[in-house]
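For reference, the structure is listed below as structure tokens.
The values are calculated or read from the model by the stated rules, or taken from the named source; none is laboratory data. This is a predicted model, so every value here is computed, not measured. Neighbour counts are summed over all protein chains in view; Cβ atoms, including those assigned to glycine, are modelled from backbone coordinates with ideal geometry. Ligands, DNA and RNA are excluded from the accessible area calculation, which covers all protein heavy atoms including side chains. Shrake-Rupley method; radii C 1.70, N 1.55, O 1.52, S 1.80 Å.
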Amino acid sequence: MVQSSVLGFPRMGVLRDLKKANEAYWADKISQEALLEEGKRLRLAHWKIQKDAGVDIIPSNDFAHYDHVLDHIQFFNAVPERYTKQKLSPLDEYFAMGRGHQKGGVDVPALEMVKWFDSNYHYVKPTLQDNQTFSLAENPKPVREFLEAKEAGIITRPVLVGPVSFLALGKADRGSSVNPISLLDKLVPVYVELLKALKAAGAETVQIDEPTLVFDLAPEVKAAFKPAYEAFAAAGDAIPSLIVATYFGDIVHNFDVLPAFSAAKGIHVDLVRNPEQLEPVIKQLGPSQILSAGVVDGRNIWKNDFAKSLDLLQTAIKALGEDRVIVATSSSLLHTPHTLASEKKLPTDVYEWFSFASEKVKEVAILAKAVTNPEAVRAELDANAAAIKARAESTRTNDPKVKERQAAVTPEQHNRKSGFDTRYAQQKKHLSLPLFPTTTIGSFPQTSEIRVQRNKFTKGEISAEEYDNFIKKEIDLAVSIQDELDLDVYVHGEPERNDMVQYFGERLNGYVFTTHAWVQSYGSRCVRPPIIVGDISRPAPMTVKESKYAASISKKPMKGMLTGPVTCLRWSFPRVDVHQSVQCQQLALALRDEVVDLEANGIYVIQVDEPALREGLPLRKGSERDAYLEWAVNSFKLATAGVEDSTQIHSHFCYSEFQDFFHAIAALDADVLSIENSKSDAKLLKVFIDEAYPRHIGPGVYDIHSPRVPAEEEFKQRIEEMLEFLRPEQLWINPDCGLKTRKWDEVKGALTHMVNAAKYFREKYANKA
């Protein structure tokens, strides 16, 4: 019999219940017991959804109050000493690592948080010491949650991040030089201990995720799989059977690793991202190994094309037999919204095109039945075929005028009028900026009052005039605070914006929107990605009104804030019927019009954010990556090159590791780059020296994901470190990212210290001159 399987389920709940509970606990509004009870309620609800859908293999330990990798850091006792010495409760220690802790005399920053492969989810990076040890926590979380499900009558398959991936995704702590993979011999016995505990609890199979197998692996990482999985094989029947899961790419280039998994029950592969790997993988399986076929997309919201999936599954069954094939999601459904049933405002025709997590688990179960007995689910198959056909034939998808404009794009439209030296000479004169100019990345706190007023306007409870007046008052506040702080380049604070992509999508043709389709980005932070359903164009200006007003009341240059074409694409749910390069160019043309309009209305500093540029980078080097960088860079340049030399173009990136594609960063030709850097080693900035980068850079000087307010001396120390790698005239001073999730007291405190530190260096270098 063909079984069905889900690799993981979203954590937040129907109404972002986990977000609300976490934030209530952080604000001391609920107890630890109440928070943990809410987590238990959500887990039970999510297991029941999958059981009721008919899924055979249901995951556990996929739930996390903050991040699943952070869970592993804690239950393997890999917590850095700066946290353990604070003697916090286990839960508070956990949150301190995720978001920092500045309370009750304790002041510790968060661990570094980075993107999970090429998704918009962020994981907490294991941070390891030269003298690192590991041990299993008492009553470890994977065992607790397996028993919790068992008590509810559901036998689950626990999910673990595999030992090689856990280490390979980690880093040496500051002051340490350890290569994380060298710690394998210390870590694997703790995994064995955990697996034995799961077996004793009744777990028959464990899903052990090794997603790093889709990378081009360093030799020492590739070599680590053999001893790790030999140790598991040596444990024999004392541990559960293992399904080794990979996702987000193919594993063909790492086939030489697969013999290490010879004792594993089976291998999971992502057949949505790389269906062409199916037959080669089948040939690599052992004589009794199972193939877990990931045919239901864990990363997008389009209804599964049952006919295409069944073709793949029939190929697998023909080669292996029914008992050796599992129908599965391609990855965890963490990256999809909870349920389509919550969406009451989508157009009826469009509604039928989509499938969220709760619907995808049904798709998995239907496919498992259909592959051997299609008549048992004939109604479902026919309805699916009709929905796929309707979308393909819909008039929503095609706009001839957009295609005509794309066909008329010329190479010259991608280039600024002059080189950087000429541009900067004009900008320096026009903007009158000092040494070490200070600015922020764009957004200021989205207070409860802002959200209430936006909600009232959306519901029609206040008029457009009333809402506009409210937004003007918020802009007034943002400008007055920047006056007090004495920043050098202002922002209007973005009080009118719900999200940096959704806001633009709502003003562009070609998008549709949801009301409850939230997806976790990190911790309690959720986003509601818009959905691209057709060709994209801009019917009217999107940001000019607010930026023009802000500039009219500002003493300093006002920065216009836009989200770049690559990020608008990556942080939406994109179409699957048109190549992403086509969608990105359409977005670039729409944004080009906006950039030109901003300049025409007196905005001479314009930031076009591309935090998702790296995220979209194909995970392996080669022709696919080269092609991506070419169209991504061209899209950014097309969006920004229509202005005069005296207008300064900024861009922002949520990372500082550019080594693999620095040539593309340089090719963007932005006048100023701001980058997330506060939790990274300043040595990463060395690439700007090595590559003789001529333009200006603003490495983030503090972590905005944490409520912690760094002391002024911390800012000075960070700037001093940066000046080892950057020229004074090249350096801008700014936070890591936007400040919408922070409170005003946190923002004012941190920015006061930041500005004071910048002034200290300004005076210091002025005296040197």
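Go through the residues of the stretch 217-228 one by one and say whether even a single one is under 28 Å from the mean Cα position of the chain (by Cα) and within 16 Å of ALA78 (Cα to Cα). Before you say what the answer is, go through the steps one by one.
Of the residues in the stretch 217-228, the ones under 28 Å from the mean Cα position of the chain (by Cα) are 217-222, 224-225.
If we keep only those that are within 16 Å of ALA78 (Cα to Cα) too, we end up with none.
No: the stretch 217-228 contains no residue that is under 28 Å from the mean Cα position of the chain (by Cα) and within 16 Å of ALA78 (Cα to Cα).
Within the stretch 1-35, track down each residue that is free of Cβ contacts under 8 Å to residues at least 60 places away in the same chain and part of a loop (DSSP other than H, G, I, E, B).
Result: ALA27, ASP28, LYS29, ILE30, SER31.
Out of the residues in the stretch 281-298 that are open to solvent by 50 Å² or more (accessible area, probe 1.4 Å) and either of a type in the set (S, T, N, Q) or within 27 Å of LYS389 (Cβ to Cβ) (or both), state the one that is farthest from the chain's Cα centre (by Cα).
Among them, the one singled out is SER288.
Which numbered condition trips up LEU278, out of (1) under 21 Å from GLY54 (Cα atoms); (2) open to solvent by less than 20 Å² (accessible area, probe 1.4 Å)?
Only one criterion is unmet by LEU278, namely (1).
Which of (1) in contact with a helix residue (DSSP H, G or I) (Cβ under 7 Å, 6 or more places away or on another chain); (2) under 26 Å from ALA757 (Cβ atoms); (3) touching a residue at least 60 places away in the same chain (Cβ under 8 Å) is the odd one out, the single condition CYS654 does not satisfy?
That leaves (1) as the condition not met.
Could you say which residue among VAL350, VAL371, VAL325 is open to solvent by less than 50 Å² (accessible area, probe 1.4 Å) and within 21 Å of ARG391 (Cα to Cα)?
VAL350
For the stretch 303-324, indicate whether the set of residues that are touching a His at 6+ places or on another chain (Cβ under 7 Å), touching a residue at least 60 places away in the same chain (Cβ under 8 Å) and among the small types (Gly, Ala, Ser) is non-empty.
No: zero hits.
Scan the stretch 261-312 for residues that are of a type in the set (Val, Ile, Thr), part of a strand (DSSP E or B) and under 20 Å from SER355 (Cα atoms) and jot them down.
Within the stretch 261-312, VAL295, VAL296 meet the criteria.
Can you pull out every residue in the stretch 454-484 that is closer than 21 Å to LYS559 by Cα, open to solvent by 70 Å² or more (accessible area, probe 1.4 Å) and among the acidic types (Asp, Glu)?
Across the stretch 454-484, the qualifying residue is only GLU484.
Show the residue pairs that are 6+ apart or on different chains and have beta-carbon atoms under 8 Å apart, the first residue being within the stretch 381-404 and within 23 Å of LYS362 (Cβ to Cβ), the second being polar (S, T, N, Q) and assigned to a helix (DSSP H, G or I).
Partner pairs satisfying both residue conditions: ARG391/THR397.
Quick one: which residue in ALA379, ALA370 is at pLDDT 95 or above and in contact with a helix residue (DSSP H, G or I) (Cβ under 8 Å, 6 or more places away or on another chain)?
After applying the criteria, what remains is ALA370.
Yes or no: ALA235 in contact with a Lys or Arg (Cβ under 9 Å, 6 or more places away or on another chain) and open to solvent by 10 Å² or more (accessible area, probe 1.4 Å)?
Spelling it out, ALA235 is indeed in contact with a Lys or Arg (Cβ under 9 Å, 6 or more places away or on another chain) and open to solvent by 10 Å² or more (accessible area, probe 1.4 Å).
Okay, residues lined up against (1) without any contact (Cβ under 8 Å) to a residue 40 or more places away in the chain; (2) farther than 18 Å from LEU487 by Cα:
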| residue | (1), (2) |
| --- | --- |
| ASN677 | no, yes |
| PRO707 | no, yes |
| ARG718 | no, yes |
| ASP745 | yes, no |
| GLY749 | no, no |
| ARG762 | no, no |
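Which residue out of LEU638, LEU613 is in a helix (DSSP H, G or I), of a type in the set (A, V, I, L, M) and open to solvent by less than 10 Å² (accessible area, probe 1.4 Å)?
The match here is LEU638.
In the set VAL512, VAL544, VAL519, VAL533, which member is closer than 19 Å to ALA612 by Cβ and either touching a residue at least 12 places away in the same chain (Cβ under 8 Å) or of a type in the set (Lys, Arg) (or both)? It would help to see each step written out before you state the result.
Numbers: VAL512 fails: closer than 19 Å to ALA612 by Cβ; VAL544 fails: closer than 19 Å to ALA612 by Cβ; VAL533 fails: closer than 19 Å to ALA612 by Cβ.
The unique qualifying residue is VAL519.
Restricting attention to the stretch 680-703, does a residue exist that is part of a loop (DSSP other than H, G, I, E, B), open to solvent by 10 Å² or more (accessible area, probe 1.4 Å), at pLDDT 90 or above and within 23 Å of VAL566 (Cα to Cα)?
So far as the stretch 680-703 goes, yes, one or more of its residues are part of a loop (DSSP other than H, G, I, E, B), open to solvent by 10 Å² or more (accessible area, probe 1.4 Å), at pLDDT 90 or above and within 23 Å of VAL566 (Cα to Cα).
Under 8 Å between Cβ atoms, at least 6 apart or on separate chains: pull out the pairs that start in the stretch 225-237 with a residue that is within 16 Å of ASP209 (Cα to Cα) and among the aliphatic types (A, V, I, L, M) and end on any residue that is open to solvent by less than 60 Å² (accessible area, probe 1.4 Å) and in a helix (DSSP H, G or I).
Pairs found: ALA228/PRO163; ALA228/VAL164; ALA228/LEU184; ALA228/VAL188; ALA228/TYR191; ALA228/ALA260.
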